[in-house]
Amino acid sequence: MANIVIVGTQWGDEGKGKIVDLLAEFADLVVRFQGGNNAGHTMVVAGEQFISHLVPSGILQKKTCIIGNGVVVDPAVLVEELDNLSNRGVDVGPGMLKISEKAHVIMPYHQRLDHAREKMKGDKKIGTTGRGIGPCYEDKASRRGIRFAELIDPEVFTEMVTSILKEKNFSLEHFFATEALDPQSMIDQYQGYAKRLAPHVTNISVFIYSAIKKGKQVLFEGAQGTHLDIDHGTYPFVTSSNTVAGNACCGAGIGPKEITDVIGIVKAYTTRVGRGPFPTELFDEIGDKLQKKGAEFGATTGRRRRCGWLDIVLLRNSIRLNSLTGLVITKLDVLDGLPSLELCTGYEYDGRIISDFPANLKVLDACKPVYETLPGWTEDITQIRKFEDLPKNAKAYLTRIEELTETPIQIISVGPGREETIVLKNPLI
Ligand code: GDP
Ligand code: IMO
Ligand code: MG
């Protein structure tokens with residue numbers, strides 16, 4: 001039996017949604033364990049595109065999906081997502097989608113504070129998705145958050161909102177010079193969501209544990225990417241949760257011994273949305289080509305993604321931080337037609353080569369990527385389904401990634417569709 005964690009190795013948008021959807025066929029449960037609706041996971045099935053922000057990407061494979069305690073949930077977004085899926089014929093009833101009673105709730109003041117803080121920071125802003133993610137995790141850590149357990153208890157919820165809003169409104173009005181929020185309309189609105197979502201709320205730790213004991217296979221779906229991790233990413237240009245595989249345990253309420261494999265999703269080049277360091281970023285026509293051919297626009301905010309070459313220093317960091325047992329390379333087709341490709345194998349800093357990702361942003365900013373050049377290929381690879389059939393230079397590019405990372409590539413994605421995939425080793429069979 002295998003229970004696997006899937007994480008992004010770069011700065012998010014590596015194609016986690018596509019791969020989770022693909023592998024969910026072989027799993028029984030799919031669990032999101034962190035993040036919130038800052039995530040945008042895209043699945044393309046039979047030519048139809050689905051973008052999921054909160055519902056795990058196993059839902060189209062008709063697998064039981066779980067929103068873990070480590071996720072911060074905006075109930076308005078969740079209800080909208082459930083309605084959309086249901087209108088498209090997908091079963092999202094309480095049997096199919098479970099929500100942890102310990103998951104924290106994103107409130108309107110979280111979004112308001114997210115925007116107000118970014119505005120106040122001016123050109124020093126982080127470039128958040130504006131979804132209230134940071135302020136919600138802050139309240140969780142400072143023990144004034146509201147969980148689903150409280151949301152679905154009208155008396156407790158009313159009391160909490162009334163008391164919390166006093167402080168939030170003070171800071172909104174007097175520090176951020178913006179409008180205060182009305183407690184009663186918020187309570188009424190959220191009690192509507194509570195009624196709607198209550199049948200889904202349960203003790204997911206017990207549910208997952210008993211499934212594992214019965215021999216069921218669990219797929220844990222990460223959001224964001226390793227370099228957006230609150231501890232290990234390019235702080236402060238990060239999200240507010242731990243995105244690394246270790247957090248699958250905390251965010252789902254299981255112990256580390258249940259995890260058998262950890263798969264890292266790697267885009268064949270690198271992208272980043274929002275601000276922050278990006279050593280291999282390209283500002284030339286190749287960067288533009290990657291952005292256009294890869295349709296690199298954020299699935300959540302629609303922002304243009306910054307693009308650059310594949311960074312092996314970043315990848316090695318991810319391999320160590322997550323205990324990656326295998327890699328999935330996505331969007332290899334986007335590199336079709338480039339005359340040559342660059343792989344960043346180290347950074348030059350202060351006259352020497354460093355191969356470990358630095359924590360100090362001043363150092364990182366001064367790092368110059370050291371590249372190894374490989375020949376490109378001219379063929380269109382989107383129809384290829386076997387490794388042997390790939391162009392010689394595409395195989396050489398993949399083999400070099402394996403050599404430099406000392407980690408096996410298990411799946412190669414050559415298009416957004418579920419079937420546009422080359423599976424070398426399925427980690428769930
Ligand atoms: P996630 O956040 O990691 O799930 O990734 P996103 O869904 O935000 O971004 C990945 C984008 O690339 C989506 O538009 C996918 O449909 C698309 N995609 C995924 N795999 C491939 C691939 O192999 N080739 C191409 N061309 N597009 C892909
Ligand atoms: P998926 O799961 C890419 C980025 C934001 C910003 C920073 C902090 O689709 O890969 P936040 O709203 O989390 O406080 O913003 O993190 N970010 C993402 N970038 N993919 C994501 O998710 C992201 N989620 C957050 O752009 O730079
Ligand atoms: Mg995304």
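The values are calculated or read from the model by the stated rules, or taken from the named source; none is laboratory data. Remember, predicted model here, so these are calculated numbers, not experimental data. Counting neighbours? That spans all protein chains shown, and the Cβs are built from the backbone with ideal geometry, glycine included. SASA here: full protein model, heavy atoms, side chains in, ligands and nucleic acids out. Shrake-Rupley method; radii C 1.70, N 1.55, O 1.52, S 1.80 Å.
Being of a type in the set (Lys, Arg) and part of a helix (DSSP H, G or I) is the filter; apply it to the stretch 129-169 and report the residue that is least open to solvent (accessible area, probe 1.4 Å).
Residue satisfying both the conditions and the ranking: Lys168.
Can you confirm whether Met1 is more than 16 Å from ligand 2 (Cβ to nearest atom) and either of a type in the set (A, V, I, L, M, F, W, C) or on the phi > 0 side of the Ramachandran plot (or both)?
yes
State all residues of the stretch 214-233 that are away from ligand 1 (no atom under 15 Å from the Cβ) and touching a strand residue (DSSP E or B) at 6+ places or on another chain (Cβ under 9 Å); if no residue qualifies, say none.
Lys216, Gln217, Val218
Take the stretch 4-24 and flag every residue that is more than 8 Å from ligand 1 (Cβ to nearest atom), of a type outside the set (Val, Ile, Thr) and open to solvent by less than 10 Å² (accessible area, probe 1.4 Å).
Hits for the stretch 4-24 are Gln10, Trp11, Asp21, Leu23, Ala24.
Answer yes or no: is there a residue in the stretch 71-83 that is free of Cβ contacts under 8 Å to residues at least 60 places away in the same chain, under 28 Å from Thr330 (Cα atoms), within 16 Å of ligand 3 (Cβ to nearest atom) and among the acidic types (Asp, Glu).
Scanning the stretch 71-83, I find at least one residue that is free of Cβ contacts under 8 Å to residues at least 60 places away in the same chain, under 28 Å from Thr330 (Cα atoms), within 16 Å of ligand 3 (Cβ to nearest atom) and among the acidic types (Asp, Glu), so the answer is yes.
Would you confirm, using the coordinates I've provided, whether Thr301 is surrounded by fewer than 23 Cβ atoms within 10 Å (Cβ to Cβ), β-branched (Val, Ile, Thr) and within 15 Å of ligand 1 (Cβ to nearest atom)?
In short, yes.
Just to verify a result, which residue in the stretch 410-426, among those that are away from ligand 3 (no atom under 16 Å from the Cβ) and open to solvent by less than 10 Å² (accessible area, probe 1.4 Å), is farthest from the chain's Cα centre (by Cα)?
Here the residue is Ile422.
Each row is one residue, and each column tells you yes or no for (1) among the aromatic types (Phe, Trp, Tyr); (2) within 16 Å of ligand 3 (Cβ to nearest atom); (3) in contact with a helix residue (DSSP H, G or I) (Cβ under 6 Å, 6 or more places away or on another chain).
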residue: Lys195; (1), (2), (3): no, no, no
residue: Pro199; (1), (2), (3): no, no, no
residue: Ser205; (1), (2), (3): no, no, no
residue: Lys213; (1), (2), (3): no, no, no
residue: Ile230; (1), (2), (3): no, no, no
residue: Cys249; (1), (2), (3): no, no, yes
residue: Lys257; (1), (2), (3): no, no, no
residue: Ile263; (1), (2), (3): no, no, no
residue: Lys267; (1), (2), (3): no, yes, no
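Among the helices (runs of 4 or more DSSP H) lying completely within the stretch 198-317, list those that include at least 1 residues that are farther than 21 Å from Ile4 by Cα.
In the stretch 198-317, 285-293 are the helices (runs of 4 or more DSSP H) which contain 1 or more residues that are farther than 21 Å from Ile4 by Cα.
Matching residues to (1) more than 27 Å from Ile230 (Cβ to Cβ); (2) not assigned by TED's automatic domain parsing to the domain that holds Ile230:
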| site | (1), (2) |
| --- | --- |
| Ile146 | no, yes |
| Lys168 | no, yes |
| Phe175 | no, yes |
| Gly192 | yes, yes |
| Val206 | yes, no |
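Looking at (1) closer than 25 Å to Asn38 by Cβ; (2) of a type in the set (S, T, N, Q); (3) more than 14 Å from ligand 1 (Cβ to nearest atom), which is the one condition that is false for Thr325?
Condition not satisfied by Thr325: (1).
Residue check, Pro277 against (1) open to solvent by 50 Å² or more (accessible area, probe 1.4 Å); (2) more than 16 Å from ligand 1 (Cβ to nearest atom); (3) at pLDDT 95 or above; (4) under 22 Å from the mean Cα position of the chain (by Cα), all met but one. Which one?
Failed condition: (1).
If I ask for residues that are part of a loop (DSSP other than H, G, I, E, B) and either within 16 Å of ligand 3 (Cβ to nearest atom) or buried (at least 19 other Cβ atoms within 10 Å of the Cβ) (or both), which ones from the stretch 326-336 would you list?
Once the filter is applied, which keeps residues that are part of a loop (DSSP other than H, G, I, E, B) and either within 16 Å of ligand 3 (Cβ to nearest atom) or buried (at least 19 other Cβ atoms within 10 Å of the Cβ) (or both), the stretch 326-336 yields only Lys331.
Each row is one residue, and each column tells you yes or no for (1) in contact with a strand residue (DSSP E or B) (Cβ under 8 Å, 6 or more places away or on another chain); (2) hydrophobic (A, V, I, L, M, F, W, C).
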residue	(1), (2)
Asp13	yes, no
Gly36	yes, no
Thr42	yes, no
Gly58	yes, no
Ile66	yes, yes
Val79	no, yes
Gly89	no, no
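Counting just the residues of the stretch 28-47 that are aliphatic (A, V, I, L, M), surrounded by fewer than 24 Cβ atoms within 10 Å (Cβ to Cβ) and more than 16 Å from ligand 3 (Cβ to nearest atom), which one comes out farthest from Pro256 (Cα to Cα)?
The qualifying residue farthest from Pro256 (Cα to Cα) is Ala46.
Tell me the residue from Asp284, Asp261, Asp311 that is of a type in the set (Asp, Glu) and touching a Gly at 6+ places or on another chain (Cβ under 8 Å), please.
Being of a type in the set (Asp, Glu) and touching a Gly at 6+ places or on another chain (Cβ under 8 Å) holds for just one of Asp284, Asp261, Asp311, which is Asp261.
Residues in the stretch 337-352 that are over 16 Å from Leu315 (Cβ atoms), surrounded by 12 or more Cβ atoms within 10 Å (Cβ to Cβ) and touching a strand residue (DSSP E or B) at 6+ places or on another chain (Cβ under 7 Å): how many?
1
Restricting to the stretch 273-298, name every residue that is closer than 25 Å to Val414 by Cβ and among the basic types (Lys, Arg).
Scanning the stretch 273-298 gives Lys289, Lys292, Lys293.
Consider the stretch 98-128. How many of its residues are surrounded by fewer than 20 Cβ atoms within 10 Å (Cβ to Cβ), under 21 Å from the mean Cα position of the chain (by Cα) and within 13 Å of Asp74 (Cβ to Cβ)?
The number of residues fulfilling the criteria is 1.
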